[in-house]
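Just below is one structure, and these are the notes that go with it.
Each value in this text was obtained by applying a stated rule to the coordinates, not by laboratory testing. Worth saying up front: this structure is predicted, and the values here are computed from it rather than measured. For neighbour counting, all protein chains shown are included, and Cβ atoms are generated from backbone atoms with ideal geometry for every residue, glycine included.
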Amino acid sequence: MTKRLTGIISALLIMCLFVVPLSPVSAAEGVTPRYNNVATVTANMGISDSGKMTINYKYTGSSSVTTKAVITTYIEKKFLGLFWRRVDIGTTDDQWVDTIYDYMYVGTRNHQLSSSGTYRVTIIYKIYGSGGAADEIECQMTDSY
């Protein structure tokens, strides 16, 4: 009798595992990421009709927690309709690396593009502080002109 009861309970538990959905909850369902050292990070990018790209940066942390941010930015251009290639911006590794020793920052960077096409900007914020491990947040934006 004990073996039969154990078998029935095991079968029921296995069936329950298949019934419960195991999909992750997305941010669209109201989950907001929590960070160790920063409260908010935003970025946006636009390209004018003349090909001038403007990139805007902003992060806000806490004066008692956030100590430093390293912001890495690079531009890529789409070619052959499928691939991305870094744009020569005249710096080492064709990227800008900005280090800010403050708990908040608002900044802008401009770059004149040499030809029309579809461009993608990748911004990686790495924000340090006493709240724990550094937060690494990546933002990507695409635009064409």
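Compute the FRET efficiency between Ala39 and Gln95 as 1/(1 + (r/R0)^6), taking r as their Cβ-Cβ distance and R0 = 25 Å, and round to the nearest 0.05.
0.45
Rounded to whole Å and sorted largest first, what semi-axes of the equivalent ellipsoid does the C-alpha gyration tensor of region 44-145 yield via the square root of 5 times each eigenvalue?
Sorted largest first and rounded, they come to 29, 13, 11 Å.
Assuming 0.36 nm per residue, please report the length gained on full extension of the stretch Val70 to Thr54 beyond their Cα-Cα distance.
3.8 nm
Kindly state, to the nearest 0.05, the FRET efficiency for Glu138 paired with Arg4, given R0 = 41 Å and r defined as their beta-carbon distance.
E(calc), rounded to 0.05, equals 0.15.
Kindly write out, for region 104-116 in residue order, the coupling ³J(HN,Hα) from the Karplus curve 6.51 cos²θ - 1.76 cosθ + 1.60 (θ = phi - 60°), rounded to whole Hz, with x marking Gly and Pro.
Once rounded to whole Hz, the list reads 8, 7, 9, x, 9, 9, 10, 8, 7, 7, 8, 8, 6.
Please enumerate, by chain and number, the lysines with C-alpha under 24 Å from the C-alpha of Lys52, excluding those fewer than 8 residues away in the same chain.
Lys52 reaches Lys77, Lys78.
Measuring from label point to label point, each 7 Å out along Cα→Cβ, what is the Ile124 to Trp84 span in nm?
Once both label points are built, they end up 1.2 nm from each other.
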